Amino acid sequence: MFDGIKFPPGALFIITTLKDKGKRCYLVGGCVRDLLLNRSPGEWDLTTDAAPQEVTRLFEKVIPTGIDFGTVTVLIKDIPFEVTTFRRDERYSDGRHPASVTFSKSLEEDLSRRDFTINAMAYDPVSNEFVDKYSGAADAGAGLIRAVGDPVARFGEDGLRSLRACRFAAVLGFTIEENTFAAISKTLPVTKKVAVERVHDELVKMLKAKKPSIGLELMKNSGLLDLFLPELINCLGIEQPPEYHKFDVYWHSLFSCDAAPAGNLVVRLAALLHDISKPACKVEFTFYNHDQTGAELSAEVLKRLKFSNDVIERVANLIRNHMFDYRPAWSDAAVRRFIRRVGIENLDDLFSLRKADTEAMGRNIGDSYLVELKSRIDKIVTEEHALHVKDLKVDGNDVMRELSIPPGPKVGETLDALLEKVLDDPAQNDREVLLKLILELR
Ligand code: ATP
Ligand code: MG
């Protein structure tokens, strides 16, 4: 089993140490799944029959991460390993956390509390013992997400599991086994009670998948999307001008999200939500102002889903600006105003969004104009043209002195007016010239 895999020395050390004390210890959960699928594990979780206090005593650096739930973090050469005592979960009262946990002497019992068969395998790399009571390896081979035990009961205990099912389907490119899938819609009232922060985390993980559309479509078909992102459901069946668009707004949004770079959460979110206001703005085949109202609506949606203000602002800014209509005839001043409006730091993201948007129209519309716009932008940026008031060669003090006025709105208005002149003609950003201009603007 797992020939040729290099296991982290820290994990091997923990397992050997515990086994020397007569205990059992296995790699478990996500890491075993990922090894079987030839993916590199994000973290190496271990499970043992030793009590948390015992684990704590055996190793030098141990953090009591979740000691009440049996989890401690053992640091070996500063690399963290989560070691959890075999557990049995009892009664879920809030649909999320077990009301109590009891420790168990049985690995099998511990595996039975885990959510999916592919997450319920354990492996001891020292003795090469592989424990797969629920045929997780077969399901991994078949690309199936299958609940351990009765799916309705399991999703009824913990409503987060149905979202995890959709997330794993997207990330691994798997399908959800039929009965497991059917259980999602039967347990929606439980999932509805899950803390939004947990939902947020699952969405973020789903958005890192090669194709988030797999997970989102499963969420739609099971009723989960209706709970957490009903705005996207409103996009279903909203037709668009066929010469530009092959898909309705719902599918266009999902495919845009797939086409956006997987590692860029902000662009992925912007791609998913950029047309979210189209249903409300639709008049025949036009969607007037959907960029502005879409920015506002997405900010609302993302706030509800507990995204940070920074993410919300950046996504809204991209959506607000996603309809820019570049033509070679744009003057340099127009390019400078475009850079200022979008913000230099957001331009790469806006271009990524536009590429994803164009690709997801499904009509082979080229985007080579972006190369031209980009090179014009690069030129302006390297020439360090003034784009903001702070880039002007004069400041508020100069304005107040030249005009003999006290601080007030007039100072800002004057600076804005100077900037407009400089955007039109960068040569005007010269201290002597601007000081003269201040007097003329009086
Ligand atoms: P990833 O780390 O990629 O998100 P993972 O499977 O490792 O995937 P974790 O949340 O790290 O997920 O959980 C580790 C293991 O704990 C899982 O593999 C699974 O066995 C178990 N587990 C996690 N969450 C649940 C849950 N809600 N219900 C039952 N078992 C769970
Ligand atoms: Mg994990």
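Since every read-out is calculated from the coordinates, none of them should be taken as a lab result. What you see is a predicted model, and the numbers here were worked out from it, not measured in a lab.
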Assuming 1.002 mPa s and 20 °C, estimate D for segment 144-228 with Stokes-Einstein, Rh taken as the Kirkwood radius over Cα pairs, in µm²/s. 175
Write down the percent of antiparallel bridges among all DSSP beta bridges whose residues are both part of the chain, to the nearest 5. 80
Whole Å is fine, so just give me how far the alpha carbon centre of segment 259-328 lies from that of segment 67-121. 40
Bins of 5 Å, beginning at zero and ending with the bin holding the largest distance: percent of Cα pairs per bin for segment 185-305, please. 2, 11, 20, 25, 20, 13, 6, 2, 0
One can check that the equivalent ellipsoid of segment 389-440, built from the alpha-carbon gyration tensor with semi-axes equal to the square roots of five times its eigenvalues, has lengths in Å, largest first, of 17, 11, 9
Cross-link partners of Lys6 among lysines (Cα-Cα below 25 Å; sequence separation of 8 or more within a chain): Lys19, Lys21, Lys23, Lys61, Lys77, Lys133
Using only the alpha carbons of the chain, what is the convex hull's orientation-averaged projected area in square nanometres? 28.2
Report, in deg cm²/dmol and to the nearest 500, the calculated mean residue ellipticity at 222 nm for the chain, where each DSSP H run with n ≥ 4 adds -39500 (n - 2.57) and the sum is divided by the residue count. -15000 deg cm²/dmol
Just how many % of Cα pairs in segment 9-142 lie over 23 Å apart, if you round to the nearest whole percent? 30
Wrap a convex hull around the Cα atoms of segment 164-206, take a quarter of its surface area, and give that in square nanometres. 3.0
Can you give me the Rg/Rh ratio for segment 230-385, using Cα atoms for both radii and the Kirkwood formula for Rh? 0.97
In terms of Cα to Cα distance under 20 Å, which lysines are near enough to Lys282, apart from those fewer than 8 places away along the same chain? Lys246
In Å and whole numbers, how far do the C-alpha atoms of segment 1-44 stretch along each principal axis, longest first? 32, 20, 18
Nonlocal amide H pairs with Ile176, under 5 Å, H built at 1.01 Å: Ile145
